[in-house]
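Written out below as structure tokens is the structure these notes cover.
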Amino acid sequence: MKAFFTGSIASLAAAVLCVSSPAFASKGDCPQGYMCIFGDSNFTGRFMATSQPVGNVESLNDLTTSVWNRTGAHWCLFLDTGFGPTQDTYVVAPGQEISNIGNGWNDNVSSMRPC
């Protein structure tokens, strides 16, 4: 019984790290190797971390204010779900931290992927 319980917890933890569901967090919660978005400035508020493309950032849709790219790739942020429109992208360089994404993008991010 104990082995089953331990395995279930490990499976749950792996799923959460793939794309964590939004939760209230701080900058220190963004793991190395992930692209992190936060609902408030200065890396606070609702939070999502991913290493995979996200076609809809769900509860952070149109609510993102700060971002931290802890991957080795450039990441593109998009105004619409499904990675569009492609002519309007915000590129976040590897290692780049943006405490307030600024006019035109604040509370407008809907999807993101490596680019």
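Only the coordinates and a few stated rules stand behind these numbers; no lab work does. In this text the structure is predicted, and so the values were computed from the model without any measurement. No Cβ is skipped: glycine too gets one built from the backbone with ideal geometry, and neighbour counts run over all protein chains shown.
Take 49-57, 101-109 and order them by the average number of nearby Cβ atoms within 10 Å per residue, most first; the result is 49-57, 101-109. Taking packing as the residue-averaged number of other Cβ atoms within 10 angstrom, the listed peptides 34-45, 79-90 run from highest to lowest as 34-45, 79-90.
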